[in-house]
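Any read-out appearing in this document is the output of simple, stated calculations on the displayed coordinates, not a laboratory observation. Remember, predicted model here, so these are calculated numbers, not experimental data. Here the Cβ positions follow ideal geometry from the backbone for every residue, glycine too, while neighbour counts run over all protein chains shown.
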Amino acid sequence: MPIIEVENLSKSYGKLIALDSLNLSVQKGECIAMLGPNGAGKSTFLKIATNIVHPTSGTVKIGGVIVEHDPMGALEKVGPLVELPEFYPYLSGNEILDYVCRVKGASREEIKSETERLSTMLSMQDYIGRKCGQYSRGMKQRLALASAMVMDPDVLILDEPTFGLDPRGMREFIDIIININKKDSKTIIMSTHLISEAREIANRVIIMNKGKKMVDMKNERNVSMMRVTFSGPLNFGSFAYDGIEIVESGLDWATITTKNNDSNKDIILKLMNKGLEVKWVEPVNSIEKTYLDIVK
């Protein structure tokens with residue numbers, strides 16, 4: 001049974017259609033990136049899924065419970081990070097987490113252990129006791145993620161979690177999300193408008209545009225795939241090179257893939273070192289090409 005089911009979900013503001021008949025099924029442990037330009041409908045969907053906004057039509061079910069009908073039941077095991085995180089500047093990070101823990105029904109012992117667990121996991125020990133008014137953007141973003149992860153939810157819903165971070169902060173945040181998905185098998189749905197971020201974090205990418213789901217594609221991390229055209233006919237039946245797999249082939253071309261973390265350049269060099277003359281290379285089913293074809 002899918003952990004999240006979205007059926008014919010739409011949202012309109014007058015004549016503006018923000019979300020148009022979205023259907024989506026999410027299995028436990030998936031990490032999904034919703035990719036698209038501003039106004040594509042990504043944030044609208046996440047706000048409906050977390051009961052911040054009500055749909056015009058359609059439903060979102062989490063754990064089999066319709067969010068709009070029973071938000072407490074549906075969102076009991078959901079950790080949201082939606083919109084820009086803002087905290088009372090006179091409260092410390094510890095006090096924020098204490099409050100969130102109490103809202104979620106934690107005991108005094110659980111509050112202490114949760115605060116320690118999350119501050120360690122997100123490397124917040126050096127500033128968790130400081131007032132939030134002294135926090136940088138990156139510190140606030142970590143505190144917001146920690147708040148979303150209080151009481152170990154099964155599902156994380158993250159709206160552009162790296163927005164506004166510097167390159168180092170973005171790198172650290174990406175690593176945290178990947179680790180949470182891989183190590184703890186959390187189901188993650190996040191929105192982003194960064195192709196590189198979607199490609200690195202997610203194992204499934206949904207491309208949105210003008211309120212519609214345009215593409216729903218698998219994204220195998222660390223797998224390169226390309227179509228290579230050679231200068232003449234080849235016998236692909238004997239084509240066997242270390243780490244390179246033939247997906248499909250024609251008279252003088254082959255779609256190849258690798259799972260050895262080889263870059264496209266490394267793959268081409270391997271082929272050329274075997275004496276093959278490479279005439280043309282193009283990406284196959286790449287997120288970049290698909291995205292640009294849709295968004296123009």
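Mean residue ellipticity, 222 nm, helices only, the chain: the sum of -39500 (n - 2.57) across DSSP H runs of n ≥ 4, divided by residue count and rounded to 500, is -9500 deg cm²/dmol. Annotation for TYR90 and ASP266: the two label points, set 7 Å from Cα along the Cα-Cβ direction, are 5.6 nm apart.
Near the amide H of SER191, within less than 5 Å, lie the amide hydrogens of MET34, LEU158, ASP159, GLU160, all on another chain or at least 5 residues away, with H placed in the peptide plane. Model label points for ASP152 and ARG171, set 7 angstrom from Cα along the Cα-to-Cβ axis, are 3.2 nm apart.
Sorting THR50, THR56 by the number of Cβ atoms found within 10 Å of their own Cβ, with the fewest placed first, yields THR56, THR50.
Distance from the alpha carbon centroid of region 1-25 to that of region 82-117 works out to 32 angstrom.
Judged by the mean number of other Cβ atoms found within 10 Å, the most tightly packed of the peptides 104-114, 173-183, 148-158 leads the ranking 148-158, 173-183, 104-114. Principal-axis analysis of the Cα atoms of the chain puts helix 264-273 at an angle of about 20° to the longest axis. The calculated Kirkwood hydrodynamic radius for region 224-295 is 12.7 Å, given to one decimal from all distinct C-alpha pairs.
Residues whose amide H falls under 5 Å from that of LEU165, counting only those 5 or more places apart or on a different chain, are absent, with hydrogens built in the peptide plane.
Straight-line reach only, C-alpha to C-alpha below 25 angstrom: list the lysines that LYS28 could link to, leaving out same-chain residues fewer than 8 apart. Hits, sequence-local ones excluded: LYS42, LYS47, LYS61, LYS77, LYS104, LYS182, LYS183, LYS186, LYS212, LYS213, LYS218, LYS259.
Multiplying the residue separation of ASP20 and MET121 by 0.36 nm and removing their Cα-Cα distance gives an extension gain of 32.6 nm.
Over region 49-110, the fraction of Cα-Cα pairs per 5 Å bin, rounded to whole percents and listed from the shortest bin up, is 4, 15, 20, 19, 18, 13, 8, 3, 0.
Take every DSSP beta bridge whose two residues both sit in the chain; close to 70 percent of them are antiparallel.
Counting 0.36 nm for each residue step from ASP216 to GLU245 and taking away their Cα separation leaves a gain of 8.0 nm. Summarising the amide proton neighbourhood of GLY211: residues at separation of 5 or more, or on other chains, whose placed amide H is nearer than 5 Å comprise GLY41. Against the chain, whose longest principal axis is taken from its Cα atoms, helix 108-121 shows a tilt of about 30°.
Rounded to the nearest Hz, the phi-derived 3J(HN,Hα) couplings of region 12-20 under the Karplus curve 6.51 cos²θ - 1.76 cosθ + 1.60 (θ = phi - 60°) are 10, 10, x, 7, 7, 9, 7, 9, 10, where x marks glycine and proline. Percent of C-alpha pairs per 5 Å bin in region 4-218, short distances first: 1, 7, 15, 19, 20, 16, 12, 7, 3, 0, 0.
Against the main long axis of the alpha-carbon atoms of the chain, helix 93-103 sits at an angle near 80°. Around LEU46, under 12 Å between beta carbons, what's the net of Lys plus Arg minus Asp minus Glu among the other residues? After counting each charged neighbour, the total is 0. Only Lys, Arg, Asp and Glu carry charge here, each on its Cβ (+1 for the first two, -1 for the last two); on that basis the chain has a dipole of about 400 debye about its Cα centre. Separation of region 144-200 from region 261-296 is 28 Å, based on Cα centroids. Structural descriptor for the chain: relative contact order 20 percent, calculated from alpha carbon pairs under 8 angstrom and at least 6 residues apart.
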